[in-house]
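Novice: Submitted below is the structure of interest, expressed as structure tokens.
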Amino acid sequence: MPRVRIVRRLHFSAAHRLSRPDWSEERNVRTFGECAHRNWHGHNYELEVAVVGPVDPETGYVMDLAALKELVERRVVGDLDHRNLNLDVPWLADVVPTTENLAIGIWQRISPHIPPPAVLDAVIVQETPRNRVEYRGG
């Protein structure tokens, strides 16, 4: 049976600071540059969630894209939009909120909720027009 990849794009805005509390201010600035600014900074993130699976012969869907949108909004965007990733998001509390860690966290939030036989294929987080991260699990 053919497998098809579907993709839903969503958007959120959030602030963060890249720093480690166990490091000195100088080491944080040396490692994270301007992203370590002590007064935070923000991004308008673009999020793509890709699901792959067989096409259901009755519905013609891999997964209902409206259901995928609702899942991602409920489990991810609602937690992130207009929030401080360092302070307001419990599932990011123990990591430096880089785009890499954000993509991994998003994967963990939605992967178990994709209805079989479909599976989550990729989480792509675009932080700026020039920077994006793609995570495929594992």
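The values are calculated or read from the model by the stated rules, or taken from the named source; none is laboratory data. What you are looking at is a predicted structure, and each value in this text was computed from that prediction instead of being measured. FYI the Cβ positions are ideal-geometry reconstructions off the backbone, even for glycines, and counts take in every protein chain you see.
Novice: Within the group LEU92, LEU71, which residue is closer than 25 Å to ASP22 by Cα and free of Cβ contacts under 8 Å to residues at least 60 places away in the same chain?
Specialist: LEU92
Novice: Additional query: Filter the range 33-47 down to residues that are surrounded by 16 or more Cβ atoms within 10 Å (Cβ to Cβ) and not small (Gly, Ala, Ser) and give me whichever is farthest from LEU10 (Cα to Cα).
Specialist: Per the criteria, the residue is CYS35.
Novice: Failed condition for LEU65, given (1) closer than 14 Å to ILE114 by Cβ; (2) buried (at least 17 other Cβ atoms within 10 Å of the Cβ); (3) hydrophobic (A, V, I, L, M, F, W, C), with all others met?
Specialist: Failing condition for LEU65: (2).
Novice: Out of all the residues in the range 12-26, which are under 23 Å from ASP88 (Cβ atoms) and either free of Cβ contacts under 8 Å to residues at least 40 places away in the same chain or not in a strand (DSSP E or B) (or both)?
Specialist: Within the range 12-26, ARG17, LEU18, SER19, ARG20, PRO21, ASP22, TRP23, GLU25 qualify.
Novice: Go over the candidates VAL7, VAL49, VAL29 one by one and state the one that is modelled with pLDDT of 95 or more, outside any strand (DSSP E or B) and among the β-branched types (Val, Ile, Thr).
Specialist: Every option except VAL29 fails the conditions.
Novice: Still on this model: Filtering the range 91-138 down to residues that are among the small types (Gly, Ala, Ser) and farther than 13 Å from LEU80 by Cβ, which residue is modelled with the lowest pLDDT?
Specialist: GLY138
Novice: Looking at the range 2-32, which of the residues that are surrounded by fewer than 18 Cβ atoms within 10 Å (Cβ to Cβ) and either under 24 Å from ARG74 (Cα atoms) or among the small types (Gly, Ala, Ser) (or both) is farthest from the chain's Cα centre (by Cα)?
Specialist: SER24
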